[in-house]
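The values are calculated or read from the model by the stated rules, or taken from the named source; none is laboratory data. Here the structure is a predicted model, which means the values were calculated and not measured. When we count neighbours, we look across all protein chains shown, and the Cβ atoms used for this are built from the backbone with ideal geometry, even at glycine. These accessible areas exclude ligands, DNA and RNA; they are computed on the full protein's heavy atoms, side chains included. Shrake-Rupley method; radii C 1.70, N 1.55, O 1.52, S 1.80 Å.
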Amino acid sequence: MMNDDELRRALRAELEVPAPAARTSLDDLLRRGRRRVFAQRAVAVMGVLIAVAGIGFGGVALSAARRTLPPADTVSTTPTTTPATAVRAEASWPRISEPIRTPTITLNHPDVPPIPCQQTGSPLLTGWPGSSKAPDAVRASWERALTGLAGKAQFHVTQPRSPGEREAYSYWADVTGFGSIWLRAGSFTGDPLAQADDQKWAQGDCVPPRRHVLADGTVLQLHALKEAMPVPSLSQRLVIYAPNGMSYEISVSNHSAEYLLGPEINETNGPSGGRPELPLTEEQLAGIGLAVAESR
Amino acid sequence: MRRDEEFSEFFTSRFDAARRAAYALCGNWGDAEEIAQNAFVRVYARWPKVRVESADAYLRTVVTRLFLDTRRRGRRRDLSVADPPERPVPADHSAAEDRPSLVRALQQVPPRQRAVLVLRFVHDLSVEQTAATLNCTAGTVKSQTARGLQTLREAYGPALTESA
């Protein structure tokens, strides 16, 4: 019988075996590192130029198409309810009535992504996103909605590779370069609203999620944009909790699943690993979520 | 250049450990060297923003994420080193050749669960630290640990006690 300590000792002992001589030279590594820094700076400069141009266009577009919208940060104690046949939801779904939280640890480096807040909620020992196969109708509606919004989408399916594998049943789409949109199905027990409440801080969000409830009790929970490490990247997710106990997580990333080790991508796309922003706006993500929620 | 001097010192003192950690994850010295190389390139690029006290944790995170990404892509990339890696130095297995290898058995464990086991049992991280490294919840780490140990137990042969 081997307990934790014995396992730890045995593993470490095996890793102390004589290793082949390292072929990595410091000079080569420094050269590659400098190339990467240069590429990152070039991308940053381009990003600034694009942002300036975007602000200019945005200002013109806003002044031309000004319309009355509810405040984005409206806090409401009662989620909005619309019939299941609603065509499109605004990303101005109200946030749940919770104060904005602060991380228990802070770093002084402004360029380091913020530390997540405390993670609470029941661990998803079963029914985690990706543990179930998404019904054909759900997948089809996700593809339809995505194609309508993102245009050139290439759809892929990650098949389950072994029981319990986290990435089982992941459907993802590469869109216009290095952005991707994922669909993962899971399950839960109990009331959709109670489950949404339980999971509201499960990923360490600091900003309360937005929430929208359909007439049949389906809850759509839209989490705030998140920065991740080690390679700085952006992602945002929306989770649908259906009355039949199924959940659907739709997440948006600013990179494709292929970016991390592709040298041709790394060297030219810099620190974000892909696009400087998410491929979909929050409103578009909400629209896809609503289309999927209504297709069940 | 101060950046290069500091990084050179960090590289010299940590590269072998990073390569061994990557070897625990992938079970192949060639792949391990590639993962360690790429990890150090990324650390170099962010060196001014990596605090001295957090550099080890950052390097560990990058190594783990790079390993997971290679497995997620489902294919191995050609080595980018100038020369092919040397064959491993033949170790003295005379006393241990009949003994099952834990590192070899570890390769039977699914990648993400394997990463959890290596972080917890090789790097000796807590559940919370492992969760932060993998950007998941503590509950996920516990469940992945339990599943990983179960698979490792089946692959290794000798019974390992339950742990989570």
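Can you tally the net charge around A:R296? Count Lys and Arg as +1, Asp and Glu as -1, for every other residue whose Cβ sits under 13 Å from the Cβ of A:R296.
Cβ neighbours under 13 Å give a net charge of -2.
At full extension, A:E277 and A:R23 could sit 87.7 nm farther apart than now, given 0.36 nm per residue minus the alpha carbon distance.
Per-residue mean of foreign Cβ neighbours for A:120-130 is 3 (Cβ atoms of other chains, 10 Å radius). In percent, rounded to a whole number, the relative contact order of the stretch B:1-74 is 32, using alpha-carbon pairs under 8 Å and six or more apart.
The label point for A:A53 and the one for A:R34, both projected 7 Å from the Cα toward the Cβ, are 3.1 nm apart.
Could you sort B:61-71, B:136-146 so that the peptide with the highest average Cβ count within 10 Å comes first and the rest follow in order?
Result, highest mean Cβ count within 10 Å first: B:61-71, B:136-146.
Computed from protein heavy atoms with a 1.4 Å probe, the total accessible area buried between B and A is close to 6100 Å².
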